[in-house]
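First the structure, in the form of C-alpha cells, and then the observations on it.
The values are calculated or read from the model by the stated rules, or taken from the named source; none is laboratory data. Computed from a predicted structure; not experimentally measured. Note that each Cβ is placed from the backbone with ideal geometry, even for glycine, and that neighbours are counted across all protein chains shown. Accessible surface is based on the protein model in full, side chains and every heavy atom, while ligands, DNA and RNA are left aside. Shrake-Rupley method; radii C 1.70, N 1.55, O 1.52, S 1.80 Å.
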Amino acid sequence: MATITLEHVTKVYPNGFEAVHDLNLNVADGEFMVLVGPSGCGKTTALRMVAGLEDITAGSVSIGERVVNDVSPKDRDIAMVFQNYALYPHMTVAENIGFALKLRKVPKEQIKQKVIEAAELLGLTQWVDRKPGQLSGGQRQRVAMGRAIVREPSVFLMDEPLSNLDAKLRVQMRAEISRIQRRLGVATLYVTHDQVEAMTMGDRVAVLSAGRLQQCDTPQNLYDHPTNLFVAGFMGSPAMNLFEAVVAEGATQLFIGSQAITLPSELHAVRPTLKSYAGKSIVVGIRPENLPLTDNARDSESTASPFEGHVELVEALGSELLVHFTTDAHAFEITEVMDSNAAGLADGTLTKGDAGVARVEAHTKIAAGERIRFWLNPERLHYFDRATSELIV
Amino acid sequence: MATSLDNRIHHKRGSRQWFLGHFWTTVTWVIALFLFSPVLWMVITSFKREGSAYTDPPTLIFHPTLNEYSQVFSSGSGAGGAGAPFEHSLVVTVASVALVLLLGIPAAYALSIRPIKRWRDALFFFLATKMLPYVAAIVPIYLIAEHLGLLDNVIALIILYTGFNLPLAVWMIRSFLLEVPREVLEAARIDGAGLRTELMRVIFPMVLPGIAATALICVIFTWNEFFFAYFLTAFNAQTVPVFLSHFQSTEGEYWALLAAAATISCLPVILAGWIAQKQLVRGLSLGALK
Ligand SMILES: Nc1ncnc2c1ncn2[C@@H]1O[C@H](COP(=O)(O)OP(=O)(O)OP(=O)(O)O)[C@@H](O)[C@H]1O
Ligand SMILES: [Mg+2]
C-alpha cells in the first residue's frame, strides 16, 4: 500500500524532445488515477518514469515515502501492464502469469492456486498451457493483465490495458479491473486515451496534453468545470460546442454570432471576471445536452435566451437524437497540441469547426433543413479567454 | 460457350504451370545431385577395396566392405591411426566453441541490449580483425606459439580458433539479441528479475535458436580448419583435416582408405547440424508483442 507522488517531473529524451513537462501528480493510497490524453502526449513516458524504466530528467518520483528516482524497477514493488503486452514468448500463459511469483520464491502450490484464480477471472482458463504466439490479441492482453494482478504490489501501472478488446469484453474487464483494484486497495495509475474509460473507472482523472498536465479532478468535476479549452474540448462525447462570442459593452449581453444571450446579474456574481471582457471576443462552450428545445426552467425565474440554428443532419442513436446544426457564429474544434513548447492552448490550436451538436430527446420531431430553436441557460455555459484558453471565473 | 472457353484457358494455364513446376524441380535436383556427386563418390569409394577404388572405367558393381574403415583406425595404415587426430579435433572444437559462446554472448549483450559507450567502435573493431588476410598472420602466430612453447599443442589451436570465431559469433548473436523486444526485458525487470535471471530465464531461451545456429557455424569452421592446423601441429595435436592430407603424400595414394577416413570425418559435423536443426525453428519471439 502506498501513494505515488510526482513532483515537477520533466522528461527530455536524448534527442532533445521534451515529452513531459513539470508534471505534478499525487495518487493517494488506494486511489484509481486515470491519465488521459491524445496520442503522443506523454502518458506512456510518465508511466515509465514511475516504473523506473526511463530516467527522470528533472523532478522526483516517490512511491510511499521513498523517493525512487534511483531505485531499480525490481525494487519498486510495482506491477505494470505494457501497452504492447510484452509477454514472455517462450513461456506458457500460466508461466507468464506466475513468473513474478516464482522469482519471489512463492511456494509452487500457492503460485498454481493464484494463477488458476487469475486465469479464471480473466477468462483464460482454457489457454493456460498455450504460448502467447498461439493467442489472439485480446487474449494476450488479458495475459498481460493477469501477470500484474497475481502479484500484490504497492502500485499498479497500466498502459491502455483494454485497448485491444472488443466492446463487450472491454466493458466487462473495465468493471473487473475496478473491482480488483478496489479489493486490493492498491494505488493505480491507469493510462488510456478512451475518455469513457477515464470517466467510468477513475476516482480522479488527470488530463495531459503535450506533456503538460491540464487538469486533475474527479470525472464529474472535469466534465462540469473544465478549467481550460483543451479539457473542455477533450472530455465528453460528442465534444462540447465551442463558439466565438463577443461580450457586449456593459456585459449584460453575449453575442454568439448575431444572436444575443442575456447575461443576468446572478451570473456576474459567480463569474466576476466576465465583466472585464466587455467589448471583447471570448470562446463560449456549450455541452450538447445543455441545448434544450423547450425552456423547462422558465417558470422557476430562469433567464434562458433563445438560440437558433439551421438543422444540417439528425443522427438517431435510439436513446437520443444528435442534431447537427449551423449558426452564423464561428465554431471551433480543439486540435491536439503537438508542440510541447506551446504554453497551453494558444490561438493556433483552435481550428475552425463547422457546426454545433445538440443532444435531444429521441422522439423529437425534427428533420434536416428545418430551423431549430434551443434555450440557452447562461449559467450552464462555459466562458473561456481566447488568448490564454483558460476558464473565465 | 463462354464457360467452356474459360475452362480451356484455365486448363491451359494449369498445365503450363504444371510443366514449369516440374521443370524447375528437375533442374534443382540435377544441380543438387551434381554438387553432391563428389560426396557420393567419396561414400561409395569408402566401401570399396583399394584395388577397385580408382579404376578406369570406375567399378560400379562391387562387394561393399568395411575393411577400409577398420584400416582407418588401425595405426598400421597410411598415416597412423585416426584415433588421436579425432580426439584432438574433438577437444579443439568443443573447447573453442564453448569458449566462443562463453565470451561471445556477454560481449554481444554489451553491444546490443545494454550497449557500452562507443559500442559502434567496438563492433567495428571486431569486424576489422576479420579483414586481415589469413596467410599474413601465419608467421607471427607461428613465432608466438613457438615462443610460448605451444607448437604442436591443442591449446594453441583452441586459442586461435576462439579468436577467429569470436567476431562472427558476436555479430551473429548480437543481431539475434536485437530482436528481443525491449519491453519484454523491462517486464522481467518489473517482475523482479535481476541481471542473471533476465539473462538465463528470459533472454537465453528466446535467442537459443540463434545461439544454436552460431554454434553450428563455429563447429563447422573449427572442425574443418586446415591451414593453421597444418603449420602449427605435427603429431601431438594433429587434427582430422591434417591427418587426411597425409594419405596422399606418405606411401602413395590410398583412395579407398582416404574416402573412408573422410567419410568418418564428416559425421561429427552432420551430427552437430542435426542437433542444431532442432533448435533452428525460428519465430520464438512470436506473440510477445501486440
Ligand atoms: N525514446 C524516445 N525518444 C524521443 N522521443 C520519444 C521517445 N519515446 C517517445 N518519444 C516521444 O515522446 C512523446 C510522448 O510519447 P509517449 O509514448 O509517452 O506517448 P503516449 O501519450 O503514450 O501516446 P500513445 O497514446 O500513442 O501511446 C511522443 O511525441 C513521442 O514521439
Ligand atoms: Mg502510450
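Just to be sure before I move on: is A:Val93 touching an Asp or Glu at 6+ places or on another chain (Cβ under 9 Å) and among the hydrophobic types (A, V, I, L, M, F, W, C) in the structure I sent?
Yes.
Which one of the conditions (1) closer than 20 Å to A:Ala79 by Cβ; (2) open to solvent by less than 30 Å² (accessible area, probe 1.4 Å); (3) within 13 Å of ligand 2 (Cβ to nearest atom) does A:Glu31 fail to meet, given that it meets all the rest?
Answer for A:Glu31: the failing condition is (3).
Being over 27 Å from B:Pro133 (Cα atoms), more than 14 Å from every other protein chain (Cβ to nearest Cβ) and either under 20 Å from the mean Cα position of the chain (by Cα) or part of a loop (DSSP other than H, G, I, E, B) (or both) narrows it down to one of B:Phe243, B:Phe247, so name that one.
B:Phe247
Can you name every residue in segment A:189-211 that is surrounded by fewer than 24 Cβ atoms within 10 Å (Cβ to Cβ), more than 12 Å from ligand 1 (Cβ to nearest atom) and either assigned to a strand (DSSP E or B) or not assigned by TED's automatic domain parsing to the domain that holds A:Val171 (or both)?
Passing the criteria: only A:Arg204.
Determine whether A:Ala79 is within 9 Å of chain B (Cβ to nearest Cβ), over 18 Å from A:Asp159 (Cα atoms) and in contact with a strand residue (DSSP E or B) (Cβ under 8 Å, 6 or more places away or on another chain).
no
Being more than 11 Å from every other protein chain (Cβ to nearest Cβ) and open to solvent by less than 10 Å² (accessible area, probe 1.4 Å) narrows it down to one residue among B:Phe228, B:Phe221; which is it?
Answer to the check: B:Phe228.
Quick one: count up the residues across segment B:187-218 that are at the interface with another protein chain (Cβ under 7 Å from one of its Cβ atoms), over 18 Å from A:Arg104 (Cβ atoms) and of a type outside the set (A, V, I, L, M, F, W, C).
Qualifying residue count, segment B:187-218: 1.
Pick from A:Gln172, A:Gln181, A:Gln215: which is more than 16 Å from ligand 2 (Cβ to nearest atom), over 22 Å from A:Thr45 (Cβ atoms) and touching a strand residue (DSSP E or B) at 6+ places or on another chain (Cβ under 8 Å)?
None of the other options fit; the residue is A:Gln181.
If you check A:Asp295 against the conditions, is it over 15 Å from A:Ala331 (Cα atoms), at pLDDT below 90 and exposed (fewer than 15 other Cβ atoms within 10 Å of the Cβ)?
no
Among the residues of segment A:346-360, write down those that are modelled with pLDDT of 90 or more and open to solvent by 40 Å² or more (accessible area, probe 1.4 Å).
The answer is A:Arg359, and nothing else.
Residues being away from ligand 1 (no atom under 16 Å from the Cβ) and open to solvent by 10 Å² or more (accessible area, probe 1.4 Å): count how many of those fall in segment A:77-100.
Total satisfying the criteria: 6.
Take B:Ala98 and decide whether it is within 30 Å of B:Leu185 (Cα to Cα) and of a type in the set (A, V, I, L, M, F, W, C).
yes
Please pick out the residue among A:Val50, A:Val20 that is out of contact with any Asp or Glu (no Cβ under 8 Å at 6 or more places or on another chain), β-branched (Val, Ile, Thr), on the phi < 0 side of the Ramachandran plot and away from ligand 1 (no atom under 11 Å from the Cβ).
So the residue among A:Val50, A:Val20 that is out of contact with any Asp or Glu (no Cβ under 8 Å at 6 or more places or on another chain), β-branched (Val, Ile, Thr), on the phi < 0 side of the Ramachandran plot and away from ligand 1 (no atom under 11 Å from the Cβ) is A:Val50.
Going by the structure shown, is A:Ile149 without any contact (Cβ under 8 Å) to a residue 40 or more places away in the chain, among the aliphatic types (A, V, I, L, M) and within 26 Å of A:Lys112 (Cβ to Cβ)?
For A:Ile149, the condition - without any contact (Cβ under 8 Å) to a residue 40 or more places away in the chain, among the aliphatic types (A, V, I, L, M) and within 26 Å of A:Lys112 (Cβ to Cβ) - is not met.
Can you say whether A:Ala167 is farther than 26 Å from A:Leu53 by Cα and surrounded by fewer than 16 Cβ atoms within 10 Å (Cβ to Cβ), as far as the supplied structure shows?
Against the criterion (farther than 26 Å from A:Leu53 by Cα and surrounded by fewer than 16 Cβ atoms within 10 Å (Cβ to Cβ)), A:Ala167 qualifies.
Any idea which residue in segment A:128-157 is surrounded by the fewest Cβ atoms within 10 Å (Cβ to Cβ), counting only those that are touching a helix residue (DSSP H, G or I) at 6+ places or on another chain (Cβ under 8 Å) and away from chain B (no Cβ under 12 Å)?
The extreme case among them is A:Asp129.
Do we find a residue being within 16 Å of ligand 1 (Cβ to nearest atom) and crowded, with 20+ Cβ neighbours inside 10 Å anywhere in segment A:60-71?
Within segment A:60-71, one or more residues are within 16 Å of ligand 1 (Cβ to nearest atom) and crowded, with 20+ Cβ neighbours inside 10 Å.
Can you tell me which of (1) aliphatic (A, V, I, L, M); (2) modelled with pLDDT of 90 or more; (3) part of a loop (DSSP other than H, G, I, E, B) is the one B:Ala237 doesn't meet?
B:Ala237 satisfies all of (1) aliphatic (A, V, I, L, M); (2) modelled with pLDDT of 90 or more; (3) part of a loop (DSSP other than H, G, I, E, B) except (2).
Say whether the condition of being away from ligand 2 (no atom under 16 Å from the Cβ) and aromatic (Phe, Trp, Tyr) is met by at least one residue in segment A:73-91.
yes
Tally up the residues in segment B:132-153 that are assigned to a helix (DSSP H, G or I), closer than 16 Å to B:Ala237 by Cβ and open to solvent by 30 Å² or more (accessible area, probe 1.4 Å), please.
4
Check off (1) crowded, with 22+ Cβ neighbours inside 10 Å; (2) touching a helix residue (DSSP H, G or I) at 6+ places or on another chain (Cβ under 7 Å); (3) basic (Lys, Arg) for A:Lys74 and give me the number that stays unchecked.
Here A:Lys74 clears every test but (1).
Give me a count of the residues in segment A:34-58 that are open to solvent by less than 30 Å² (accessible area, probe 1.4 Å) and either within 16 Å of ligand 2 (Cβ to nearest atom) or in a strand (DSSP E or B) (or both).
Count: 16.
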